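To start, the structure under review is shown below, and the notes come after it.
The values are calculated or read from the model by the stated rules, or taken from the named source; none is laboratory data. Everything numeric in this text was worked out from a predicted model, so none of it was measured. Note that we place each Cβ from the backbone using ideal geometry, even for glycine, and neighbour counts take in every protein chain shown. Heads up: the accessible areas ignore ligands, DNA and RNA and are worked out on the full protein's heavy atoms, side chains in. Shrake-Rupley method; radii C 1.70, N 1.55, O 1.52, S 1.80 Å.
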Amino acid sequence: MIWSTIRLALRELGRNAMRSSLTILGIVIGVGAVISMVTLGGGATSQITGEISSLGSNLIIVRPGTQPQHGGIQVQAAPFDRADVEAIVREVPNTEAVAPMTSAPTVAVFGNANWSTTVNGTLSAYLAARDWPLARGRAFTEGEEQAGAMVCLLGATVQDELFGRQDPLGASIRLGSAACRVVGVLEARGESTFGMDQDDFILAPLRAVQRRLVGDDDVDLMFVSAQSEAATAQVQGDLERLLRQRRRIGAGQEDDFTVQDMAEIATIVESTTGVLTTFLGAIAAISLLVGGIGIMNIMLVSVTERTREIGIRLALGAQGHEVLLQFLLESTLLSLVGGLVGIALGLGLAAVAAPWLGVPFVLDPTIIVIAFLFSGAVGILFGYVPARRAARLDPIDALRYE
Amino acid sequence: MSPPIADRTERPRAEGEGAAPPALVAFRGITKIYGTGMAEVRALDGVDLTIGAGEFVAIMGPSGSGKSTCLNMIGCLDTSTSGSYRFAGVEVGTLSRNQRALLRRHYLGFVFQGYNLLKRTSALENVEMPLVYRRVPGRERRRRAHEALAAVGLQGREHHTPAELSGGQQQRVAVARAIVTAPALLLADEPTGNLDSTTSREIMDLLTELNVERGITIAMVTHEEEMATYARRIVRFLDGRIVVDRERPADRVPGGGGGLAV
């Protein structure tokens, strides 16, 4: 019975192929848009979280001020200084590397070539903290760090722009008004998910950058890496305690600095994409609503057109619920087909767009199942009223209907 | 799903004279009123009517006399305002809409004036339709539909749609659809109303054959005297009442010219 009803419904939809396909268009577009967006968004999220974890799960970033996670005011606060860095090295156990950083925009010049980039003043510990190997040359020596010698390591992009195929090692480049000797080149990391070139910077000893380029003793940022992932929490706690003490923050007062490990940063990224997902859900709901109304409309037309058929069926012994089922199946099949086409369309779009946007194509079966179920539910929901109207027809009136 | 009413093999007890066939249809004081107040119309006004198994009854009367309402009532498509209708002993008035549907499904067959076949659907599938509601499995359904179409002389037309068939052929499909379930009672509402006289006689011959050879009880509404002569009993309605109810004289030749003057 149910099988012959399904066949009947399919044939009825096939007879009005044009009308059926126009009817499901709303659902196709809605489901397609959501599937493609969620798939691309999921790809981007997995890429970002992958990148963050590749930074090293042991990495902790310390910055002055607080960054509220869900809106609110960003609190500015005094920067750190070299004494803070030394105190951390001295007093926080289980750290692998502690790297301060201060940045300054600059124009690097070599011969006729010049390139706008950023100089990051730091220590060789930076390479260990960020887990960033050298492609060539050497890191800063302790003596150079102490003395604030004008030596530098080039990011891969800066090397390409200034030297092309020439050997940069030992060459002297100019950073603003200061001359600086190139002692090494970093390995290329390529673009980040956000399209930023991660290799476009120059590293120089902290003291040299402070003295020659920035003109103060501030440290903008500290990278601390714990010896193991298990030690991360302890290191984070010790850092907070030490910095509160050094910055004279009384009990009960809020921190005026931020200590974040990579898991926290990943959480922030994920909560951002969560907002995006909510938006997409709203769009999906609206398009499914519109699509559902379209289906209801067409089913009402169909019931009116087929009044005589309904009358015949009732006269020949069909019960109300059997007629209801027939029309409900039709509307449900209609919306399910819409959902399936939408899913296929969305996945196709995502597959085409993913390489173009530089995002991996990550198939999420959950969202596909949800989209399928929801489109089916729309058919049942919006098909019910027309189907009930059909089921309640009076057989005599229906048979007389012209 | 078992039918809500008595099994058909269990013959209802005959009412009245012992020799009469058991009553399939028994109307007692059936009244049907449409509208209310001043606009009230008594389509049926206290009708008593008994139809026994194996009968072939023609129901006649001018337009608005109540003959179609009577047929709809017998067919359990309509319910009476008052009075009692027992179908094979079961009081129809107390049945729900769905129970009446089941009664139609299992015991009744319909032939309409306008054929009422499903458009763009083959003759075979049209005939199969009532069997679908009876949950007859596909193969069995097709076998029986082929048989029924053969019985009405439509072998080879199984896959034609109504649009590809003549009026007479369409009505034959409708008859096949009505008899494929082997109904206890076949109801025909002006079955020849849309047909020319030659085709009409063919359809009437077919109905007569079904009545005589298969013992199918037939109640037929018609306004054509000639078609009524095929029946063995004629009931005439006027203003919602039965004015004539008589057996056709045995010596009359069915369809043989002229009407019965009553």
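Of the residues B:ARG172, B:ARG246, B:ARG157, the one that moves most in a GNM of chain B with alpha-carbon contacts below 10 Å is B:ARG246.
Other protein chain C-beta atoms within 10 Å of residue C-beta, averaged over B:126-135: 4. For region A:213-365, the equivalent ellipsoid derived from the Cα gyration tensor has semi-axes of 63, 19, 15 Å, listed largest first. Counting only protein heavy atoms and a 1.4 Å probe, region A:259-402 has 47 square angstrom of accessible area per residue.
3J(HN,Hα) along region B:150-158: 5, 5, 9, x, 10, 4, x, 10, 3 Hz, from the Karplus curve 6.51 cos²θ - 1.76 cosθ + 1.60 with θ = phi - 60°, whole Hz, x for Gly and Pro. If you take all other residues with their beta carbon under 14 Å from the beta carbon of A:MET1, and give Lys and Arg +1 and Asp and Glu -1, the sum is +3. Between B:ARG135 and B:ARG97, residue separation times 0.36 nm minus the direct Cα-Cα distance comes to 11.7 nm. Here's the picture: charge each Lys and Arg Cβ at +1 and each Asp and Glu Cβ at -1 in the protein assembly as shown, and of A:VAL85, A:GLY342, A:ALA231 the one pushed furthest to the positive end of that dipole is A:GLY342.
Principal semi-axes of the equivalent ellipsoid, √(5λ) from the alpha carbon gyration tensor of region B:156-257, are 25, 15, 14 Å from largest down. The C-alpha atoms of chain B occupy a region whose extents along the principal axes are 50, 47, 44 Å, arranged from largest to smallest. Each Lys or Arg adds one and each Asp or Glu takes one away; over the other residues whose Cβ falls under 12 Å from the Cβ of B:GLU202, this sums to -1.
Across the options A:VAL185, A:THR118, A:PHE279, the greatest Cα extent toward the positive end of the charge dipole of the protein assembly as shown (unit charges at beta carbon of Lys, Arg, Asp, Glu) belongs to A:PHE279.
Taking the centroid of alpha carbons for each part, region A:169-213 and region A:282-317 are 68 Å apart. Each Lys and Arg contributes +1 and each Asp and Glu -1, all at the Cβ; summed about the Cα centre of chain B, the dipole is approximately 900 debye. Based on Cα contacts under 8 Å between residues 6+ apart, chain B shows a relative contact order of 24 percent. Within chain A, the whole DSSP H helices whose Cα atoms reach 24 Å or more along their own axis and whose mean Kyte-Doolittle score is at least -0.5 are A:17-54, A:262-305, A:320-357, A:365-391. Rounded to the nearest whole Hz, the Karplus-based 3J(HN,Hα) values (6.51 cos²θ - 1.76 cosθ + 1.60, θ = phi - 60°) of region B:40-55 follow the sequence 5, 10, 8, 6, 10, 10, x, 8, 10, 8, 10, 10, x, 4, x, 6, with x at glycine and proline. Placing +1 on each Lys and Arg Cβ and -1 on each Asp and Glu Cβ, with no other charges, gives the protein assembly as shown a dipole about its Cα centre of roughly 2720 debye.
Other residues within the sphere of radius under 13 Å centred on the Cβ of B:ARG157, judged by their own Cβ, net out at -2 (K and R +1, D and E -1). Calculated FRET efficiency, A:LEU289 to A:THR366, Cβ-Cβ distance, R0 = 35 Å: about 0.95 to the nearest 0.05. Size of region A:173-260: Rg and Dmax of its alpha carbons, in Å, are 17.8, 50.
Taking all Cα pairs closer than 8 Å and separated by 6 or more residues, the relative contact order of chain A comes to 29 percent. Taking a probe of 1.4 Å and counting only protein heavy atoms, give the total accessible area buried between chains B and A in Å², rounded to the nearest 100. Using a 1.4 Å probe, the pair buries roughly 2300 Å². Taking the empirical scaling 2.2 N^0.38 Å for compact globular proteins as reference, region A:78-255 has a Cα radius of gyration ratio of 1.10.
Springs between alpha-carbon pairs under 10 angstrom, Gaussian network model over chain B: which of B:GLY46, B:GLY75, B:GLY138 fluctuates most? Per the Cα network of chain B with a 10 Å cutoff, B:GLY138 tops the list. Both numbers refer to the Cα atoms of region B:201-249; Rg and Dmax are 11.6, 35 Å. Between A:ARG174 and A:ARG247, the FRET efficiency from the beta-carbon distance, with R0 = 45 Å, is close to 0.75. Using a Gaussian network model of chain A whose springs link C-alpha atoms within less than 10 Å, name the residue from A:VAL235, A:VAL98, A:VAL275 with the highest mean-square fluctuation. Evaluated over chain A, the most mobile residue of the options is A:VAL275.
With semi-axes defined as the square roots of five times the eigenvalues of the C-alpha gyration tensor, the equivalent ellipsoid of chain A measures 67, 24, 15 Å, largest first. What's the whole-number percent of alpha carbon pairs in region B:30-116 lying beyond 21 angstrom? Tail of P(r) above 21 Å: 34 percent of Cα pairs.
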